[in-house]
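Below: the structure, in structure tokens.
The numbers here are math on the coordinates, done by the rules we state, and not lab data. Remember, it's a predicted structure, so these values are computed and weren't measured experimentally. Quick reminder, even Gly has a Cβ in these numbers, built from the backbone with ideal geometry, and neighbours come from all protein chains shown.
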Amino acid sequence: MALAQPEPSRLLPEPAAAFRGGIATTSCMETLQVGYLHAVAAAAGCSLAQPFPDNGIDWHLSHSSRAHAVDDEVTIKVQLKSTYQLAPHPPGPTFAFTLDNDHLAKLARTPVSVHKILVVMIVPRTQEEWLRASHDRLELRHCCYWTNLAGHAVTGRNRTTVRIPTTRIFDDRALCEIMARVGAGGKP
């Protein structure tokens, strides 16, 4: 006698969010952003390394090309941040993001031998909205933006608000352009 199989829609309790794991949302946001970074790096042909301990910088991205003038491989350091407090596609040329002063000082230091960028991801407030999968794509929502904070002043008492340009979407093309500038001896 064959046992009846439950319908697929009845495998998860309703709502599906109730079945999600108990890891803190902010930790899950970090994991989502690392996935975004890995996808961008893969599409741009970059390698990734995670420093241990991280000492305030999350990732090192390296790009090899014979077209680089300063070396055959160039590297940038990446600090990841994420927020659900902003709506997707922020209006205007920039959006505000606040950093602890110690962290900003590390990102703003100049001159440097290896350039640093800040990558800020805006995510939906609820995890069930973070990604969508179909037969032809996997969408990660919403978007990452990048900036170079070298030389930025620390102005707040404990934290400083910086402006992130909305035109600097962090994707594979942007990463290739960043690496081309650094490979030519310039800044990100």
Would you work out the charge dipole size for segment 39-188 about its Cα centre, treating the Cβ of every Lys and Arg as +1 and the Cβ of every Asp and Glu as -1, and quote it to the nearest 20 debye? 520 debye
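At 222 nm, what helix-only mean residue ellipticity would the chain give, in deg cm²/dmol to the nearest 500, using -39500 (n - 2.57) for each DSSP H run of four or more?
Rounded to the nearest 500, it is -7000 deg cm²/dmol.
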Along the charge dipole of the chain, pointing to its positive end and built from +1/-1 on Cβ of Lys, Arg, Asp and Glu, which listed residue (74, 64, 160) has its Cα farthest out? 160
Note down the relative contact order for segment 79-188 as a percent, whole number, built from C-alpha pairs under 8 angstrom at least six residues apart. 34 percent
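Where does each of 29, 179 land when they are ranked from fewest to most other beta-carbon atoms within 10 angstrom? Can you show the working numbers first?
Details: 29 19, 179 25.
Lowest to highest Cβ neighbour count: 29, 179.
Express the relative contact order of the chain as a whole percentage, based on alpha carbon pairs under 8 Å and six or more residues apart in sequence.
Computed value for the chain: 22 percent relative contact order.
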Candidates (1) 1.21; (2) 0.92; (3) 1.31; which is the computed Cα Rg over 2.2 N^0.38 Å? (1)
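Efficiency by 1/(1 + (r/R0)^6): what FRET value for residue 34 and residue 137, r their Cβ-Cβ distance, R0 = 30 Å, to the nearest 0.05?
Values: r = 20 Å, r/R0 = 0.65.
The value I calculate is 0.95.
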Highest GNM mean-square fluctuation among 77, 116, 106, for the chain with Cα springs under 10 Å, belongs to 106
Order by neighbour count: 63, 68, fewest other Cβ atoms within 10 Å first, most last. 68, 63
May I ask which residue of 21, 119, 134 lies farthest towards the positive end of the charge dipole of the chain, with charges of +1 (Lys, Arg) and -1 (Asp, Glu) on Cβ and the Cα centre as origin? 119
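With +1 on each Lys and Arg Cβ and -1 on each Asp and Glu Cβ, how big is the dipole of segment 78-137 about its Cα centre, in debye rounded to the nearest 20? Kindly include the intermediate steps, with their values, before the conclusion.
Working: 7 positive and 5 negative charges, 38 e Å.
It works out to roughly 180 debye.
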Sequence of 52, 170, 19 once ranked by neighbouring C-beta atoms within 10 Å, starting from the fewest: 52, 19, 170
Which one, 98, 151, 48, is farthest towards the positive end of the dipole of the chain when Lys and Arg carry +1 and Asp and Glu -1 on their Cβ? 151
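Relative contact order of segment 15-115: what whole-number percent is it, with Cα pairs under 8 angstrom and at least 6 residues apart? List each step's numbers first, then the result.
Working: 73 pairs, mean separation 19.6, N = 101.
The normalised contact order for segment 15-115 reaches 19 percent.
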